[in-house]
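Sharing a structure below in structure tokens format, with a few things to ask.
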Amino acid sequence: MFVIDENDRYGRFRLISWWRQERLLSAKVLVVGAGALGNEVLKNLALLGVGHVFVVDYDTIESTNLTRSVLYRAGDEGRPKALRAAAAVKQINPDVKVRALNGNVITDVGLGVYGEMDVVIGCLDNRESRLWINRQCWKANKPWVDGAIQEISGVTKVFVPPAGACYECGMTEADYRLMNLKYSCPLLKREDIAEGKVPTAPTISSIVAGLQTQEALKLLHGLPVKAGAAMVFSGEANNFYITSYQRKEDCLSHETYPPAEDAPLSVASAAEDAIRFAGATTLQLDRDLLLDLACPRCGVRRPMMKPLALSHYKEGLCEKCGGVMLTNIVHRVEAGSATAKRTLRELGVAPYDVVRVQSGRDTRFLRLCEDRDRTMNWE
Ligand SMILES: [Zn+2]
Ligand SMILES: [Zn+2]
């Protein structure tokens with residue numbers, strides 16, 4: 001017997017044979033980017049009654065966003081996208097718990113956040129962030145759904161670690177070239193990352209975000225998805241086809257971390273606290289840390305101590321001769337060094353992150369548990 005409760009908001013959904021509304025209500029989804037795609041994905045998640053939506057964006061609303069962003073209104077200009085989007089989600093469906101993070105996905109979202117999610121949806125406009133999310137999802141062993149749009153065409157991709165092809169497996173030489181990953185001056189790529197300004201119509205963002213959300217819906221229900229593949233839609237010819245990626249065994253994105261141990265540490269802890277906690281000798285950094293810059297011509301040295309992801313090309317120019325300075329980038333911190341006295345945050349570690357500490361060949365993965373309450377505070 002099927003009883004339809006007309007007062008049940010989700011009553012119509014329940015008529016779909018495989019639908020489990022309770023699964024959706026308990027689900028946690030991370031949405032990275034609250035632009036054109038992010039708005040549509042967030043709107044869909046709110047309508048579906050997905051119980052926990054964590055939204056990240058560092059940007060503020062501009063008037064040009066209003067033609068492609070169903071969650072924003074005239075007068076919202078200048079307000080942080082993540083906060084405005086989360087408030088709108090809550091308005092559409094008060095059942096949804098939201099967490100808005102007005103910050104950078106690379107430097108401000110710890111791996112502990114990924115670890116608590118069921119699925120990650122990337123609504124981004126640049127390859128650097130996609131590559132980062134891809135690696136984080138592989139480390140945390142979480143599926144992710146990517147979307148990309150241009151004019152009236154777009155692509156939706158689903159990746160499910162640890163087997164199968166990942167986003168980087170599908171990257172071409174042209175993608176690497178566009179990212180300038182192989183550039184001799186690592187700071188130079190910073191400026192080129194301002195891709196972003198691709199013209200798109202709200203119609204294609206609905207289509208691609210619709211597919212993204214639908215694939216996430218299938219993942220949440222344990223329904224089969226085509227992982228390691230791209231769904232390509234060309235809006236001019238109305239062509240729709242699926243292309244599968246080949247897994248590259250030498251791909252740099254395939255590291256999956258073992259479950260992390262909870263450690264009584266936070267990003268405010270010094271690096272040496274983490275090293276000492278594990279009885280280790282070295283802390284490995286997941287993000288490139290720009291320690292300092294040096295001019296090869298006039299010998300000018302400038303301390304930086306910030307993640308490369310937040311550094312700009314202009315900062316890499318010598319104040320004396322205007323030449324390009326050499327970057328000193330580190331990935332490890334040794335016990336007893338001056339750098340080890342710095343807080344994890346100063347070293348580019350994100351709140352509620354998982355840090356790797358090593359002694360010899362033994363590696364331990366520590367989750368910064370004292371950041372959890374502040375980071376995962378659903379509203
Ligand atoms: Zn790969
Ligand atoms: Zn100089």
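The values are calculated or read from the model by the stated rules, or taken from the named source; none is laboratory data. These numbers come from a predicted model, not from an experiment. Positions of Cβ are generated from backbone atoms using ideal geometry, with glycine treated the same way; all protein chains shown enter the neighbour counts. Remember, those area values only see protein heavy atoms, side chains included, never the ligands or the DNA or RNA. Shrake-Rupley method; radii C 1.70, N 1.55, O 1.52, S 1.80 Å.
Select from region 312-334 the residues that are part of a loop (DSSP other than H, G, I, E, B) and on the phi < 0 side of the Ramachandran plot and write down the one among them that is farthest from ligand 1 (Cβ to nearest atom).
The residue in question is K320.
Quick check, is L289 in contact (Cβ under 8 Å) with a residue 24 or more places away in the chain, crowded, with 17+ Cβ neighbours inside 10 Å, within 16 Å of ligand 2 (Cβ to nearest atom) and part of a strand (DSSP E or B)?
No: the conditions fail for L289.
Residue by residue through region 343-376, note down the ones that are surrounded by fewer than 18 Cβ atoms within 10 Å (Cβ to Cβ) and over 19 Å from P264 (Cβ atoms).
Correct list: E346, Q358, S359, G360, R361, D362, T363.
Select from region 139-167 the residues that are of a type in the set (G, A, S) and not in a strand (DSSP E or B) and write down the one among them that is nearest to ligand 1 (Cβ to nearest atom).
Of everything passing the filter in region 139-167, A165 is nearest to ligand 1 (Cβ to nearest atom).
What about K306, is it in the same structural domain as N328 (by TED's automatic domain parsing), surrounded by 13 or more Cβ atoms within 10 Å (Cβ to Cβ) and within 28 Å of N104 (Cβ to Cβ)?
Criteria met by K306.
Could you check how many residues of region 335-379 are more than 28 Å from the chain's Cα centre (by Cα), under 30 Å from V300 (Cβ atoms) and not in a helix (DSSP H, G or I)?
Total satisfying the criteria: 3.
Moving to a separate point now. If we scan region 323-338, do we find a residue that is within 16 Å of ligand 2 (Cβ to nearest atom), open to solvent by 20 Å² or more (accessible area, probe 1.4 Å) and among the polar types (S, T, N, Q)?
Yes; the residues of region 323-338 include at least one that is within 16 Å of ligand 2 (Cβ to nearest atom), open to solvent by 20 Å² or more (accessible area, probe 1.4 Å) and among the polar types (S, T, N, Q).
Can you name the strands (runs of 3 or more DSSP E) wholly within region 168-280 that have at least 3 residues being modelled with pLDDT of 95 or more, under 30 Å from E334 (Cα atoms) and within 16 Å of ligand 1 (Cβ to nearest atom)?
Result: empty, no element qualifies.
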